[in-house]
Amino acid sequence: MPAATPPALRTPGDVKPLRESLELTLDPAATKAPGRVVIAATVVRPTRVVWVNATNLAIDHATLNGAAATVLPFKPDEDFIGLAAPADLAPGPLSIEIAFTSGIDHEKSRGLYSVTEQDGTPYLYTFFESVDARRAFPCFDEPSAKIPWTLTLHVKATDVAAANAPVASEKTEGAMKTVTFAETKPLPSYLVAFVAGPFEVIDDGVAGRAKTPIHFIVPKGRSAELAWAKEVTPKVVAAEEDYFDMDYPFVKLDVAVVPRYWGTMEHPGIVAMGQPLSLIPPDKQTEERKRFYANILAHELGHYWFGDYVTLAWWDDTWLNESFGEWFDMIITDEVGPQWQYRDQRVDLALGAMHSDEALAVNAIHVPITTRQAIESTFDGEITYSKGASVLRMFEDFVTPEQWQKFIREYLRAHAYANANAHDLYAAAETSLGAPVAAGLRSFFDQPGVPRIAIIVACKAGTPPMATITQTRSLAEGVTDPQPKLWTVPVCFQTSESPRTCALISQAETKVPLSTKCPAWVIPNAGAYGYYRSAISPATLAAVMKPGTWNRLDRLERVMLLADVSASVNRGEIPRDQVMALAPKLAADKDDRVASMGAALSYFTDDALDDALHDKLVAWQLSFMAPRARALGWKRKPGDTEAHQELRRELVGDAAFHDPVVSKEAKALAAQWLKDRTGIDDDIANMALAAATYHGDAAWFDALLAAARAPRDRTDQGRILHAFGWFSDPALAKRALDLPLGKEFDLRESIGIVEGMMQRRETRDLALAWAQAHTDEILARMRADEAMWYLTSVAGAFCDRTRVDAVKALLVPRAPKIDGAELGVKRALEASETCIANTTRQLPRVRALLHAK
Ligand SMILES: [Zn+2]
């Protein structure tokens, strides 16, 4: 018998798959699914053992070219099975046949999984990204193994079965039926998908230039909640075809409505969209929910090109899927719903990313992935998604959207139905956009960090003013990068004397002569497209805040400028109290976005504040926020924009905790909402519920619990469970913390209670003690990505020595055991350390500011 050492990570490459047939018997109520695969392959190099990915499958029988193969012994949770032939297999065709039984998950929504609806009916779904197809069937579970698949599903005669490709034939035999699907386009295993159960199927006509047939697949009884999805889905399909100037690439589109948001996935031909997105009761069709569905659908269908049509070759290029998907969904969302002004959120996306990218414990977007553990870490929300999208948008703006679109179209066509890697992308950029732009992309994708750009203008009589642009890495005060970096970055600046001018900067210091008279001020990120922090000196800030100048900036430039000011505080360049002091004036700004940003400048982490100082901070914030919150009120008025509603959510939501008038209104509105779900708009109900719960008593607890036990739907239940995280009374908070430990509610919804309680001074020690006692038990009940989010949220929850040390002791030994969690936990802990250092430094001046109020 040959040595039975399975490969460490990837298949050895001596056998390459060409196509795979998969047959499964699916009963959503069962815990097991028997199946059979036939893989047509080629032996590239002689080998005795064929290694195939399979995890926790029972292997009943296997053959290689028709001869019985020996299945080498394997252990639970291993990634491979080894099939040994009687003698070496010679190069040439190989048929691999395996009969197996896989498990059906009923708790984590991983692999083949089943979820029971409120009426007691179970439905079966799949979720394989990144490496969980191997839990459902044997396969070459790597994105470069991009092959056609033929599926045959045996299901109950009364069930619906759907998969990536259209149904080719259906045959009923007694109580069961056999559904065979057409062969798919070449797909990697992580994109194979199917569903089975007594679904309703709703016809939505055809869409776009390819006249693609669209169907919705929903749990029975839910079709009345599809009005918006039916209206907008064809528009998204058509808009995407137009952007790429290409027909829809996957024959048909089924929108399979899966139970949870976190089951949403870009499976070609059968996109999975969570119930909270897709199913909107007719009386809850707010603009917020409409936009949410449209945006996520635009993202998932964007992957039909970035991921499905052109597939990453390996997981070190997850960004070719996710950075591009995230960059693209904004364009399409704006196209199908211009009234949402969704493009304005590009600045928020960049700000979230820059905040994370200012830690040392951050990876480049494009890094070698050499362990299974690290695969999950490439799906980093702030870095791969938000930073990636922001960098792409910066270069799109620099080269012009028209040139960029041409580049995208050429790149995609060059790799149709095949794989691509970072090198292919950079090479395409070099050809279409030139070497400097390609170098710029590389500098942002291949190294971590965000640049800090400073512009100083020197004026000397008789010579033109000279702007000196310098770049360094933006890091918190006292932190230095052991390996200093430079970026090739398009810096676009505006001065008091000239409009926006852009220059591609690649040196540490660049001099740019100005053809104007000496400017009074310079804005380093004009247009707010730059993925960089601008150094803002107190003098510049004072000059720019003057009314005449302030009005020359557009709203996104103002938001970016205020964020730059906050970042300057963290780098120790402007004192914190000076920035906090700007809050009252800015919170009154007539632009809603600037007002919310301005109000946020008044926040100061309260971990370091004693009760007296905390009360002073709250009283000061209320002094300028409460009057505006009272005037805004809880109810949306006719003609209010989305930005106005957003400001309402923030100011009214915040004031509701401590302002007697606003909190009294919150209690009445929340009680009415809990009774019959009326009285307050759906998109602000959360804030009223939170405030009512914060002040809530035992009777309110019981009312919430009764509502959570008899929810309208999954979204409704999630909202009620979320509210439990806001109890401030210790006895009620303890009762709420028991909910995630029981089996009555989905842990993945109820865990938010713990995370919420960690954020507030009244309950944070209770929540920390809960985490210390129960983390192991709940990690065992979660999928890796959700376990990772829980751990990073705990890791970043605190800003004081004692609690951060307690969290370190809890998480540092555990994080490496959860795929993808180690780096995220390290980064969150670094942010906590930075927070402690900054808070300690800033506290004396903040104390003085508050005492002077
Ligand atoms: Zn995505």
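Just so it is clear, none of the values below were taken in a lab; they were calculated from the coordinates. Everything numeric here is computed off the predicted structure, so don't read it as measured data. Every residue, glycine among them, receives a Cβ derived from its backbone with ideal geometry; neighbour counts consider all protein chains shown.
Efficiency by 1/(1 + (r/R0)^6): what FRET value for Asp245 and Thr400, r their Cβ-Cβ distance, R0 = 22 Å, to the nearest 0.05?
0.85
What distance in nm separates the two pseudo spin-label positions at Leu486 and Ala612, each 7 Å out from Cα along the beta-carbon direction?
Computed distance between label sites Leu486 and Ala612 equals 5.4 nm.
So what's the net charge close to Glu382: Lys and Arg +1, Asp and Glu -1, counting the other residues with Cβ under 13 Å from its Cβ?
-4
By counting other Cβ atoms within 10 Å of each Cβ, how are Ser130, Ser189 ranked from fewest to most?
The order, fewest Cβ neighbours first, is Ser130, Ser189.
Within the chain, which cysteines find no other Cys whose Cβ is under 4.7 angstrom from their own?
Unpaired cysteines in the chain: Cys139.
Determine the gain in length on full extension of the stretch Thr470-Ala671; use 0.36 nm per residue of separation and subtract their C-alpha separation, reporting nm with one decimal.
66.7 nm
Can you compute the FRET efficiency between Lys511 and Ala418 using 1/(1 + (r/R0)^6), with r the Cβ-Cβ distance and R0 = 51 Å? Round to the nearest 0.05.
0.65
Could you list Glu23, Glu240 in order of exposure, starting from the residue whose Cβ has the fewest other Cβ atoms within 10 Å?
Glu23, Glu240
Once every DSSP H run of n ≥ 4 in the chain is given -39500 (n - 2.57) and the sum is divided by its residues, what mean residue ellipticity at 222 nm do you get, rounded to the nearest 500 deg cm²/dmol?
One gets -13000 deg cm²/dmol as the mean residue ellipticity at 222 nm.
Could you list, bin by bin from short to long, the percent of Cα-Cα pairs of the chain in 20 Å steps?
Going out from 0 Å in 20 Å bins, the chain shows 14, 46, 33, 7, 0 percent.
Roughly how tilted is helix 801-811, in degrees to the nearest 10 and between 0 and 90, from the longest Cα axis of the chain?
Here the helix axis deviates by roughly 10 degrees.
Between Ala458 and Thr641, what is 0.36 nm times their sequence separation minus the Cα-Cα distance? Round to one decimal in nm.
Stretched fully, the Ala458-Thr641 segment lengthens by 61.6 nm.
Report the calculated FRET efficiency for Ala90 and Thr371 (r = Cβ-Cβ distance, R0 = 45 Å), to the nearest 0.05.
For Ala90 and Thr371, the calculated efficiency is 0.85.
Report the Cα centroid-to-centroid distance between the range 684-724 and the range 569-632 in angstrom, as an integer.
29
If a/c stays under 1.5 just call it rounded; otherwise compare a/b with b/c (prolate if a/b is bigger, oblate if not). Do that for the range 374-492, with a ≥ b ≥ c from the square roots of the Cα gyration tensor eigenvalues.
Oblate, since a/c reaches 1.5 and b/c is not below a/b.
Given the chain, what percent of its DSSP beta bridges are antiparallel, to the nearest 5?
80
Using label points projected 7 Å from each Cα along Cα→Cβ, tell me how many nm separate Lys75 and Arg209, to one decimal.
In this crude label model, Lys75 to Arg209 measures out at 5.5 nm.
Please say if the range 546-642 is rounded, prolate or oblate, where rounded means a/c under 1.5 for a ≥ b ≥ c the square roots of the C-alpha gyration tensor eigenvalues, and otherwise the choice is prolate for a/b larger than b/c and oblate otherwise?
It is oblate, given that a/c is not under 1.5 and a/b is not larger than b/c.
Using only Cα atoms, locate the centre of the range 336-360 and the centre of the range 756-796, then give the distance between them in Å, rounded to an integer.
Comparing the Cα centres of the range 336-360 and the range 756-796, I get a distance of 27 Å.
Which entries in the list Lys16/Lys75; Lys156/Lys284; Lys675/Lys743; Lys235/Lys406 go over 29 Å, if you measure between the two C-alpha atoms of each?
Lys156/Lys284
Identify the trypsin sites (Lys or Arg not before Pro) of the range 201-250 meeting these criteria: DSSP loop state and at most 11 other C-beta atoms within 10 Å of the C-beta.
Of the trypsin sites (Lys or Arg not before Pro), the ones in loops of the range 201-250 whose Cβ has at most 11 other Cβ atoms within 10 Å are Lys211.
If you take every residue apart from Ala599 with its C-beta less than 9 Å away from the C-beta of Ala599, what net charge results, scoring Lys and Arg +1 and Asp and Glu -1?
For residues surrounding Ala599, the net value is -1.
Could you calculate the contour length gain from Gln339 to Ala427, that is, 0.36 nm times the residue separation minus the distance between their Cα atoms, to one decimal place in nm?
My answer for the length gained is 27.9 nm.
Report the label-to-label distance for Ala40 and His106 in nanometres (one decimal), using points 7 Å from each Cα along the Cα→Cβ vector.
If labels sit at Ala40 and His106, their model points lie 3.9 nm apart.
Apply the Karplus parameterisation 6.51 cos²θ - 1.76 cosθ + 1.60, with θ equal to phi minus 60°, to every residue of the range 23-38 and state each ³J(HN,Hα) to the nearest whole Hz, in sequence, with x for glycine and proline.
Running phi through 6.51 cos²θ - 1.76 cosθ + 1.60 with θ = phi - 60° gives 10, 9, 9, 10, 10, x, 7, 7, 10, 9, 9, x, x, 8, 10, 10 Hz.
For the range 453-608, rounded, prolate or oblate, judged on the Cα gyration tensor with a ≥ b ≥ c (square roots of eigenvalues), a/c < 1.5 rounded, else prolate if a/b > b/c?
oblate
Taking θ = phi - 60°, what integer Hz values does the Karplus form 6.51 cos²θ - 1.76 cosθ + 1.60 yield along the range 649-654, in sequence order, with x for Gly and Pro?
Residue by residue, the range 649-654 yields 4, 6, 6, 5, x, 5 Hz.
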